[in-house]
1. Quick check on LYS35: is it touching a residue at least 24 places away in the same chain (Cβ under 8 Å), in a strand (DSSP E or B) and among the basic types (Lys, Arg)?
2. Which residues, counting only those in the stretch 1-31, are of a type in the set (A, V, I, L, M, F, W, C) and surrounded by fewer than 13 Cβ atoms within 10 Å (Cβ to Cβ)?
3. Going by what's in this entry, would ARG114 be described as basic (Lys, Arg) and at pLDDT below 95?
4. List pairs: first in the stretch 123-139 and modelled with pLDDT of 90 or more, second of a type in the set (Asp, Glu) and surrounded by 15 or more Cβ atoms within 10 Å (Cβ to Cβ), Cβ under 6 Å, 6+ apart or cross-chain?
5. I'd like to know if the stretch 109-125 contains one or more residues that are surrounded by fewer than 19 Cβ atoms within 10 Å (Cβ to Cβ), under 14 Å from the mean Cα position of the chain (by Cα) and either among the charged types (D, E, K, R) or farther than 23 Å from SER57 by Cα (or both).
Amino acid sequence: MITLKVNGQDHQVDADPDTPLLYVLRNDLELNAAKFGCGLGQCGSCTVIVDGKAVQSCVTPLVLLAGKQVTTLEGLGTLAAPAPIQRAFIEEQAAQCGYCIAGMMMRAQALLMRNPKPTDAQIRAELEPNLCRCGTHMRILRAVHRAARLMDTADAASDRSVR
């Protein structure tokens with residue numbers, strides 16, 4: 001048995017330590033936002049956040065995750081209360097087929113956690129490992145900037161309520 005901390009909850013998983021995280025997320029935990037794309041860590045559709053860093057779950061074995069926090073798209077927000085990154089992607093209509101979008105959002109979320117006001121160049125560099133064939137790149141770029149503004153507004157509101 002392996003204990004994984006996913007979206008703030010501990011999960012006991014009966015899997016080989018070399019099993020890729022993606023398989024456990026989808027098959028055992030029924031968290032299906034991360035997609036199987038290439039299985040080689042080359043497309044980014046399986047991207048999740050591990051301890052604040054974007055990682056490709058299709059090539060990340062469970063053995064490397066002991067004591068680490070894994071966050072999937074399902075852990076960011078809900079349908080009723082989407083996280084700023086989710087809301088921004090919806091408002092900018094950044095998804096077309098939707099296959100790559102969860103990975104794009106997770107990689108963008110990791111960037112915004114490190115850098116709350118990224119430039120276009122920084123966003124493009126961060127999202128480069130994730131492939132999208134639909135051509136919504138400009139909408140995705142706008143969505144990341146919108147999410148940054150939404151997060152800044154939320155932080156400012158939070159600061160005011162503490163005083």
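The values are calculated or read from the model by the stated rules, or taken from the named source; none is laboratory data. What you see is a predicted model, and the numbers here were worked out from it, not measured in a lab. With ideal geometry, Cβ positions are generated from the backbone for all residues, glycine too; neighbour counts draw on all protein chains shown.
1. On the way: touching a residue at least 24 places away in the same chain (Cβ under 8 Å): yes; in a strand (DSSP E or B): no; among the basic types (Lys, Arg): yes.
When the stated conditions are applied, LYS35 does not pass them.
2. Our first condition is that a residue be of a type in the set (A, V, I, L, M, F, W, C); within the stretch 1-31, this holds for 1-2, 4, 6, 13, 15, 21-22, 24-25, 29, 31.
Answer for the stretch 1-31, where residues must be of a type in the set (A, V, I, L, M, F, W, C) and surrounded by fewer than 13 Cβ atoms within 10 Å (Cβ to Cβ): just MET1.
3. On the way: basic (Lys, Arg): yes; at pLDDT below 95: no.
Against the criterion (basic (Lys, Arg) and at pLDDT below 95), ARG114 does not qualify.
4. From the stretch 123-139, the pairs are ARG139/GLU92.
5. Scanning the stretch 109-125, I find at least one residue that is surrounded by fewer than 19 Cβ atoms within 10 Å (Cβ to Cβ), under 14 Å from the mean Cα position of the chain (by Cα) and either among the charged types (D, E, K, R) or farther than 23 Å from SER57 by Cα (or both), so the answer is yes.
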